[in-house]
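The structure appears right after this line, and notes come after that.
The values are calculated or read from the model by the stated rules, or taken from the named source; none is laboratory data. From a predicted model like this one, the values you see are computed outputs, not experimental measurements. Cβ coordinates were reconstructed from backbone atoms using ideal geometry, including for glycine residues, and neighbour counts include every protein chain displayed. Remember, those area values only see protein heavy atoms, side chains included, never the ligands or the DNA or RNA. Shrake-Rupley method; radii C 1.70, N 1.55, O 1.52, S 1.80 Å.
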Amino acid sequence: YFKFFEERFPGQVLVVHSGLTDKARWENLQDIQSGKVSVLIGARSAVFAPFAKLRLIIVDEEHDNSYKQTTKFSYNGRDVAVVRAKFEKAFIVLGSATPSLESYWNAQTGKYKLLRLSKRALGNPLPQIDIISVKSKLKGESIQANQGKDQLLGSQPSSTSLDPRILKALSENLKAQQQSIVLVNRRGYAYYLIDKKTQETVVCPNCSITLTVHKNNSSLTCHYCGYNKALALFIKEAGESNEYLALGYGSENCEATLKSYFPSARIARLDSDISQNRESLESTLEQFRKQEIDILVGTQILAKGHDFPKVTLMILMEVDDILNFPDLRAGERTFQLLVQAAGRVGRNKYKGKVLVQTVRPEHFILKSALNHDYFEFVKRELMIRKAHGHPPFGKLIHLEMNGSQPSLVKNTIQKLSKWLEKWLENQPNTFEDIKIIGPYTPAIEKIRARHRQQILFSSPDYKKLNFILNHTLKQFSKQRDIRLKIDIDPQSMM
């Protein structure tokens, strides 16, 4: 983005991001405040920059859930941008090829003005999307204690189920000297280990989540709390007679598989394991732009906003994982991923193609994406949301209690819930449109050794919702081990 804007507004552009030192960030913000520069590019926190005369805010890919900060001070950068534009009397543009349902509904009801782009920037046709239907197969790779450290995971990956049609398309693209992207839903080598005897998975000691197998450093890692253990050490402690299967596959496994099929191809990987190092991230992207990489394997980071002129083939693996996620926005996120990924293909003079491997080819979301039909998707999804009173037809407030003692957390939230239920009974005809779900145990019950219980408040009337929440919080007595977390307009139910 910086290069793009700097070419057009030389000397007037600054960037703020987490990689800057505190001193560099402060100096940049001072230049903004003084009017020395007039364009600031940054992530969600850039919305708080101290402009003296702010006249335009652009929120690119406004649908992206990374605008929501859920740790410490919780806020949605997109929504803050809308509020700030109102205060500053500035114009705001929310840009996306797949707008969030909330933004689309605001346009439909007259709160926003909808501006449609009917063509791509260079007038190229949208890429062809083909659905590849497969049967659900979860292959495993055996791991035994008596294997040497270097042989714990074999040199020939066995668990990536690449359909022959995908391999053929990649081969043809290589022959045509064009580039391909392969998107996998998860990083790492395998989803989890399962004990062959007990059929039990290996879970993180701090979180209610399975440990991911990473072959690169031969370890088991939790992607929630960062717990890490050497695979060889784990196998040794488990006992000499134990045998495990490494099931499922991530980007690391997919990269290794493709290298075994196409040994002469230049194949690289880009996921959050690599992008944590800013130099590695920028270097990989630059190599791909210079066409020094033939096939780039990665996670959803590759579907967001990149412009690679010679990418003509996009492969999406395991979209069913996102579609089946226990969250009200699972369908919306699946559609957005498919369409955004397709947008990376055929952006120049070359014709593009997208292949989607799935076990649910008849799902309406996949069919809508197949036709690049955002409005058909929105029509169906809004019907489902309206039936359940979910956004944009209702507001949500998520209340969570967590602590190291599960019984204390559960008893505390149940006590609060019973009080609330009794209080509402004494308010007839006042809060009848309020829905309260819970308390309940979330899908991931424990994170970082803290057990969690949640309540979800839902209502079309935000003022009533806010009143009930504030009234409920007054009854919550602070306890030493209990932390209370409130999320307004949550983007995830997990």
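If a residue must be touching a Ser or Thr at 6+ places or on another chain (Cβ under 7 Å) and either basic (Lys, Arg) or not in a helix (DSSP H, G or I) (or both), how many such residues does the stretch 229-245 contain?
4
So if I check each of 131, 181, 166, which one is open to solvent by 40 Å² or more (accessible area, probe 1.4 Å), within 18 Å of residue 354 (Cβ to Cβ), at pLDDT below 95 and among the aliphatic types (A, V, I, L, M)? Before you say what the answer is, go through the steps one by one.
Details: 181 fails: open to solvent by 40 Å² or more (accessible area, probe 1.4 Å); 166 fails: open to solvent by 40 Å² or more (accessible area, probe 1.4 Å).
Being open to solvent by 40 Å² or more (accessible area, probe 1.4 Å), within 18 Å of residue 354 (Cβ to Cβ), at pLDDT below 95 and among the aliphatic types (A, V, I, L, M) holds for just one of 131, 181, 166, which is 131.
When you look at residue 490, is it open to solvent by less than 60 Å² (accessible area, probe 1.4 Å), under 28 Å from the mean Cα position of the chain (by Cα) and within 26 Å of residue 64 (Cβ to Cβ), yes or no?
Spelling it out, residue 490 is indeed open to solvent by less than 60 Å² (accessible area, probe 1.4 Å), under 28 Å from the mean Cα position of the chain (by Cα) and within 26 Å of residue 64 (Cβ to Cβ).
If the Cβ limit is 8 Å and pairs must be 6+ apart or interchain, which residue in the stretch 1-16 that is under 10 Å from residue 38 (Cβ atoms) pairs with which residue that is open to solvent by 60 Å² or more (accessible area, probe 1.4 Å) and part of a loop (DSSP other than H, G, I, E, B)?
9/38; 12/38
Each row is one residue, and each column tells you yes or no for (1) surrounded by fewer than 15 Cβ atoms within 10 Å (Cβ to Cβ); (2) under 30 Å from residue 295 (Cα atoms); (3) touching a residue at least 24 places away in the same chain (Cβ under 8 Å); (4) in contact with a helix residue (DSSP H, G or I) (Cβ under 8 Å, 6 or more places away or on another chain).
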{"position": "353", "(1), (2), (3), (4)": "no, yes, yes, yes"}
{"position": "362", "(1), (2), (3), (4)": "yes, yes, no, no"}
{"position": "375", "(1), (2), (3), (4)": "yes, no, no, no"}
{"position": "386", "(1), (2), (3), (4)": "yes, no, no, no"}
{"position": "393", "(1), (2), (3), (4)": "no, no, yes, yes"}
{"position": "398", "(1), (2), (3), (4)": "no, no, yes, no"}
{"position": "403", "(1), (2), (3), (4)": "no, no, yes, yes"}
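If you go through the stretch 17-50 one residue at a time, how many are open to solvent by less than 80 Å² (accessible area, probe 1.4 Å), of a type outside the set (Lys, Arg) and in contact (Cβ under 8 Å) with a residue 24 or more places away in the chain? Quick ask: steps written out before the conclusion?
Residues of the stretch 17-50 open to solvent by less than 80 Å² (accessible area, probe 1.4 Å): 17, 19-20, 24-25, 28-32, 35, 37-47, 49-50.
Then keep just the ones that are of a type outside the set (Lys, Arg); that gives 17, 19-20, 24, 28-32, 35, 37-43, 45-47, 49-50.
If we keep only those that are in contact (Cβ under 8 Å) with a residue 24 or more places away in the chain as well, we get 17, 19, 37-43, 45-47, 49.
Here the count works out to 13.
Considering only the stretch 211-228, state which residues are open to solvent by 40 Å² or more (accessible area, probe 1.4 Å), without any contact (Cβ under 8 Å) to a residue 24 or more places away in the chain and either within 17 Å of residue 195 (Cα to Cα) or assigned to a loop (DSSP other than H, G, I, E, B) (or both).
Result: 217, 226, 227.
Just checking, how many residues over the stretch 450-493 are among the hydrophobic types (A, V, I, L, M, F, W, C) and closer than 16 Å to residue 391 by Cβ?
Total satisfying the criteria: 5.
For the stretch 174-209, which residues satisfy the criterion of being part of a loop (DSSP other than H, G, I, E, B), farther than 27 Å from residue 242 by Cα and basic (Lys, Arg)?
Selection gives nothing.
I need the full set of residues from the stretch 369-385 which are in a helix (DSSP H, G or I) and of a type outside the set (D, E, K, R), in order please.
Across the stretch 369-385, the qualifying residues are 369, 370, 374, 375, 377, 378, 382, 383, 384.
Given the conditions (1) touching a strand residue (DSSP E or B) at 6+ places or on another chain (Cβ under 8 Å); (2) part of a helix (DSSP H, G or I); (3) farther than 30 Å from residue 335 by Cα, report the number of the one that residue 5 does not fulfil.
Failed condition: (3).
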